[in-house]
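What follows is a single structure, written as structure tokens, with notes after it.
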Amino acid sequence: MTGRVILNGFLLLAVVISVTASWIFSSDPARPNFEFLPQMAHSPRYNAFAPNPNFANGSTLQRPEPGTIPRGSMLLHYAATPQDALRAGEELTSPLDSGNVRARERGAFVFSNFCAVCHGAGGAGNGPVAQRGYPPPPSLLAEHALKMKDGQLFHVLTYGQNNMPSYASQLSREDRWNAILYVRAMQAAATPVPPPTPTAPSVPQLKTTQSDAAKVAGGQL
Ligand code: HEC
């Protein structure tokens, strides 16, 4: 009997202690919880530009080893010359499928933000900058631009061409390809599809007579 009373008393005391403890510890909801071995979660580190005794040159940011390239980077081995633009035309192909609607829509966005000021919304070379005295660019719908290969356009956007500045620092490579896809779509929409050339006039040509013309006009043919 007394044993049970002592046990109950002990349990009651334990409940009171744990309730009080939880009330004390949770009384401030803004206070972070107790962290066990905080060094494991928050390891000590140096800020990028802080001095660092662990390296011989005493700085935290280290130069990459000569000859190394950042992971995932693809170097372009071209110079800003017309010859290399032609070489890029032979060597580089667009990674985008011509039917990629998302890329084309993104390209339209890029074009209206970065290109239309000079090239005009339709690519005719009549953008507001060109109308205010900047050397007007040639129409992107003209034969010269139609004949340029995708890789060559990529070279123009990356390195510039005469009065056209480089867009490498403003546009990611992906966005340059997106813009090119949109330029191609604009060109395709503007170029009239040539009518299929008849191979041989297999069907004898019917002569339209005056009376036929009258019937067409009257809706009979
Ligand atoms: C500051 C005005 C300007 C902007 C902005 C501009 N261009 Fe140009 N662009 C030019 C000029 C000027 C030329 C003609 C360069 C020359 O004389 O060879 C040109 C040439 C081109 C050519 C070559 C056309 C040809 O027939 O040789 C392409 C392709 C082209 N631009 C695409 C673009 C695209 C795509 C953008 C947007 C990312 C853009 N340009 C932004 C001014 C501009």
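The values are calculated or read from the model by the stated rules, or taken from the named source; none is laboratory data. Quick caveat: nothing in here was measured; it's all calculated off a predicted structure. Cβ atoms come from the backbone with ideal geometry, glycine included; neighbour counts cover every protein chain shown. Heads up: the accessible areas ignore ligands, DNA and RNA and are worked out on the full protein's heavy atoms, side chains in. Shrake-Rupley method; radii C 1.70, N 1.55, O 1.52, S 1.80 Å.
All but one of (1) assigned to a loop (DSSP other than H, G, I, E, B); (2) open to solvent by 30 Å² or more (accessible area, probe 1.4 Å); (3) not aliphatic (A, V, I, L, M) hold for G125; which doesn't?
(2)
Quick check on region 40-62: of everything there that is assigned to a loop (DSSP other than H, G, I, E, B) and among the aliphatic types (A, V, I, L, M), which residue is most open to solvent (accessible area, probe 1.4 Å)? Outline the logic, then answer.
Kept after step one, since they are assigned to a loop (DSSP other than H, G, I, E, B), are these residues of region 40-62: 42-50, 52-58, 60-62.
Those left that are additionally among the aliphatic types (A, V, I, L, M): 48, 50, 56, 61.
On the way: A48: 48, A50: 28, A56: 118, L61: 101 Å².
This residue is A56.
When you scan region 63-72, how many residues do you find that are aliphatic (A, V, I, L, M) and either farther than 28 Å from G160 by Cβ or open to solvent by 100 Å² or more (accessible area, probe 1.4 Å) (or both)?
Counting residues in region 63-72 that are aliphatic (A, V, I, L, M) and either farther than 28 Å from G160 by Cβ or open to solvent by 100 Å² or more (accessible area, probe 1.4 Å) (or both) gives 0.
Looking only at region 160-179, count how many residues are more than 7 Å from the ligand (Cβ to nearest atom), open to solvent by 20 Å² or more (accessible area, probe 1.4 Å) and not in a helix (DSSP H, G or I).
5
State which residue is nearest to the ligand (Cβ to nearest atom) when the search covers only region 88-104 and only residues that are touching a residue at least 60 places away in the same chain (Cβ under 8 Å) and among the charged types (D, E, K, R).
Residues of region 88-104 touching a residue at least 60 places away in the same chain (Cβ under 8 Å): 88-92, 94-96, 98, 100, 103-104.
Subsequent filtering for residues that are among the charged types (D, E, K, R) retains 90-91, 104.
Values: E90: 17, E91: 17, R104: 13 Å.
My answer is R104.
Scan (1) more than 8 Å from the ligand (Cβ to nearest atom); (2) without any contact (Cβ under 8 Å) to a residue 24 or more places away in the chain for the single condition L157 breaks and write down its number.
(1)
Being assigned to a helix (DSSP H, G or I) and within 53 Å of the chain's Cα centre (by Cα) is the filter here; which residues of region 1-36 pass it?
Residues satisfying the conditions are S22, W23, I24, F25.
From L12, L75, L37, which residue is farther than 30 Å from S166 by Cα, exposed (fewer than 10 other Cβ atoms within 10 Å of the Cβ) and without any contact (Cβ under 8 Å) to a residue 40 or more places away in the chain?
L37
Can you tell me which of L146, L140 is in contact (Cβ under 8 Å) with a residue 12 or more places away in the chain, within 14 Å of the ligand (Cβ to nearest atom) and surrounded by fewer than 17 Cβ atoms within 10 Å (Cβ to Cβ)?
Of L146, L140, the one residue that is in contact (Cβ under 8 Å) with a residue 12 or more places away in the chain, within 14 Å of the ligand (Cβ to nearest atom) and surrounded by fewer than 17 Cβ atoms within 10 Å (Cβ to Cβ) is L146.
Go through (1) of a type in the set (F, W, Y); (2) near the ligand (Cβ under 9 Å from one of its atoms); (3) surrounded by 19 or more Cβ atoms within 10 Å (Cβ to Cβ) one by one and return the number of the condition Y134 breaks.
The single condition Y134 does not satisfy is (3).
Check region 109-122 and report whether any residue there is more than 10 Å from the ligand (Cβ to nearest atom) and open to solvent by 90 Å² or more (accessible area, probe 1.4 Å).
yes
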